[in-house]
Amino acid sequence: MSLLTLGIETSCDETGIALYQMERGLLAHALYSQVAMHNEYGGVVPELASRDHVRRLIPLVRQVMNEADVSLEQLDAIAYTQGPGLGGALLVGASIANALAYALDIPTIGIHHLEGHLLSPLLSEPAPKFPFVALLVSGGHTQLMRVDGVGRYTLLGETLDDAAGEAFDKSAQLLGLGYPGGPALAKLALLGRPGMHKLPRPMLHSGDLEFSFSGLKTAVLTLVKQSNDDEQTRADIAYAVQEAIVEVLAHKALSALAQTRLSQLVVAGGVGANQMLRHRLTEGIGKRGGEVFYPDLEFCTDNGAMIAFAGALRLELQQGKKDYRFDVKPRWNLADLGYGDLLP
Ligand code: KG4
Ligand code: ZN
């Protein structure tokens, strides 16, 4: 029997809903992004995020059910993001998931947001095969993980401070660009000239797979203060920022492949859309023989499909519960997932 799973993602500033069935795949999914609302504050405002999830969630569930032509009674389980993320935002998804499941007398399952990201490449074609290395780069994460199978994740390295997307966003803000700054900065960088400014490459040669980006924004701030405020200069700085971040990410991702002796690299998260990063990785992997996967952007930025999918896989492992007491885990280490001996 193939369970029909509803997935709910509300960990940050995106309400994501999806319906997944193992045999038929993704039946429908929808996303509401709050980016425009947070834009005027220059970043995500947690309280506003929670309130907006309350407004969007149920209409989005209805929309997805209609699209898939499925009724609530046909649902077998509900998966929701239990953490990590913004506490209030997570609570919206968790409480609606559990209330709905209680009313329908079906199990729920709390999913680790990063597990969703790590498994989401399997939703795209071509899909990587286990084992692979995943580079997770978004506004909230910068991580290199080894993925051997469902529930079998090893952290290879991560950022000690800011995430890569945050480094893009904060630099963009210093250049007077809006939020989220990554795409705007990348666009401005297209007009930039290489070699005009040299920014630090934090931890490039640290020999491990850790990252640090907080020093970069200080360097960018100094550079912006010292420079003219004309369009060409700003574009040159944008180019230098992008190059510094991309060089570190590409170097460490390729080192992770070398260290693990794996050949497949999956790039997930919003920063994975960056063309310069894609170019550097494709070039680097081409040289050493291997394959790089860029899952469809809609599956590698925050979305409900990855939560429905991870939920479906875990339900197959009999991990759903009909106990409607719930909590959320704003901070949750992936290593503490506790699959225990359920896995082969
Ligand atoms: O995965 P994502 O949508 O999730 C959250 O973090 O919520 O990632 C968003 C991040 C932002 O920091 C954004 O600036 C960055 O991804 N981003 C980019 C590009 N597109 C999105 N950064 C650099 N270049 C891009 N083309
Ligand atoms: Zn995410």
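The values are calculated or read from the model by the stated rules, or taken from the named source; none is laboratory data. Everything numeric in this text was worked out from a predicted model, so none of it was measured. Here Cβ is always computed from backbone atoms with ideal geometry, including for glycine, and neighbour counts include all displayed protein chains. Ligands, DNA and RNA are excluded from the accessible area calculation, which covers all protein heavy atoms including side chains. Shrake-Rupley method; radii C 1.70, N 1.55, O 1.52, S 1.80 Å.
Of the residues Leu26, Leu48, Leu91, Leu31, only one is among the aliphatic types (A, V, I, L, M), under 12 Å from Val328 (Cβ atoms) and open to solvent by 40 Å² or more (accessible area, probe 1.4 Å); which?
On the way: Leu26 fails: under 12 Å from Val328 (Cβ atoms); Leu48 fails: under 12 Å from Val328 (Cβ atoms); Leu31 fails: under 12 Å from Val328 (Cβ atoms).
Just a single option satisfies the conditions, and that option is Leu91.
What do you reckon, is Glu210 within 20 Å of the chain's Cα centre (by Cα), open to solvent by 30 Å² or more (accessible area, probe 1.4 Å) and in the same structural domain as Met145 (by TED's automatic domain parsing)? Criteria met by Glu210. Residue check: Leu114 meets all listed conditions (1) assigned by TED's automatic domain parsing to the domain that holds Leu223; (2) within 16 Å of ligand 2 (Cβ to nearest atom) but one, namely (1).
Within the range 168-188, count every residue that is open to solvent by less than 20 Å² (accessible area, probe 1.4 Å) and within 16 Å of ligand 2 (Cβ to nearest atom).
The number of residues fulfilling the criteria is 2.
Within the range 94-113, the set of residues being surrounded by fewer than 19 Cβ atoms within 10 Å (Cβ to Cβ) and touching a helix residue (DSSP H, G or I) at 6+ places or on another chain (Cβ under 7 Å) comprises just one member, Leu104.
Yes or no, residue by residue, for (1) more than 18 Å from Gly116 (Cα to Cα); (2) modelled with pLDDT under 95:
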| residue | (1), (2) |
| --- | --- |
| Met22 | no, yes |
| Leu57 | yes, no |
| Leu60 | yes, no |
| Ala79 | no, no |
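Just to verify a result, which residue in the range 259-275, among those that are assigned to a helix (DSSP H, G or I) and open to solvent by less than 30 Å² (accessible area, probe 1.4 Å), is farthest from ligand 2 (Cβ to nearest atom)? My answer is Thr260. Only residues that are part of a helix (DSSP H, G or I), more than 17 Å from Glu14 (Cα to Cα) and of a type in the set (Asp, Glu) were counted in the range 278-318, giving 2. Of all the numbered requirements in (1) in the same structural domain as Arg56 (by TED's automatic domain parsing); (2) under 21 Å from Gly269 (Cα atoms); (3) surrounded by 24 or more Cβ atoms within 10 Å (Cβ to Cβ), Leu144 misses one, and that requirement is (1).
In this structure, is Ile285 open to solvent by less than 40 Å² (accessible area, probe 1.4 Å) and within 30 Å of Ser50 (Cβ to Cβ)?
Criteria not met by Ile285.
Taking the conditions exactly as written (open to solvent by 20 Å² or more (accessible area, probe 1.4 Å), among the charged types (D, E, K, R) and within 15 Å of ligand 1 (Cβ to nearest atom)), does Asp161 satisfy them or not?
So Asp161 passes the test.
The set of residues in the range 280-295 that are at pLDDT 90 or above, farther than 15 Å from Ala256 by Cβ and under 20 Å from the mean Cα position of the chain (by Cα) contains only Tyr294.
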